[in-house]
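Just below is one structure, and these are the notes that go with it.
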Amino acid sequence: MFERILVPLDGSKVGEAALEHVEHMVAKIAPTVKTEIILLQVLTSLTHYVIAGEASVQVPYTEKEVDYITRKAKEYLSKTAECLKGKGVSIKTKVVMGKAEEEIVKAAAELKADLIAMSTHGRSGLSRLTFGSITDKILRTASVPVLVVRAPKDTENS
């Protein structure tokens, strides 16, 4: 049974679509199984572009900016965790930096997760080729089951 569930979040409503399904699943197993939910956010881009006229250059964030971004990610995860409290589960949060698909699989292994529950944008065609599919990469590389929830259409622009 799923005792430790890793839920990767990106800060969007689309990313949160899996939470409802995790809550329903946990509600059914929580009385008999002690369950832990780990909310994970991967900070992927630690650079930004500075544009002057037609030229642009990629510039790394300063240490102060990275600290701010990390603090905001932790605040977001804590706020999200508050919504899950009182459901008979323990909640942990974790913020890491790197490539999302690699860090999610790595976190699942390190935290000994029994399940990765995540949502997908459901892109296809050129959009999928352009943006790639983190979910698809995780499905192919994770060593634990992956619950994939397609975000409702009304959240895709959030």
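Any read-out appearing in this document is the output of simple, stated calculations on the displayed coordinates, not a laboratory observation. This is a predicted model, so every value here is computed, not measured. Virtual Cβ from ideal backbone geometry, glycine too; neighbours counted across all protein chains shown.
Working value for the range 1-43: equivalent-ellipsoid semi-axes of 21, 12, 5 Å, each the square root of 5 times a Cα gyration tensor eigenvalue, largest first.
Using the structure shown, select from K92/K137; K72/K92; K74/K99; K13/K153 the pairs with a Cα to Cα distance greater than 22 angstrom. List each step's numbers first, then the result.
Numbers: K92/K137 24 Å; K72/K92 16 Å; K74/K99 18 Å; K13/K153 11 Å.
Among K92/K137; K72/K92; K74/K99; K13/K153, the Cα-Cα distance tops 22 Å for K92/K137.
The trypsin sites (Lys or Arg not before Pro) of the range 5-62 meeting both criteria, a DSSP state outside H, G, I, E and B (loop) and at most 13 other C-beta atoms within 10 angstrom of the site's C-beta, are K34. In percent, rounded to a whole number, the relative contact order of the range 4-155 is 33, using alpha-carbon pairs under 8 Å and six or more apart.
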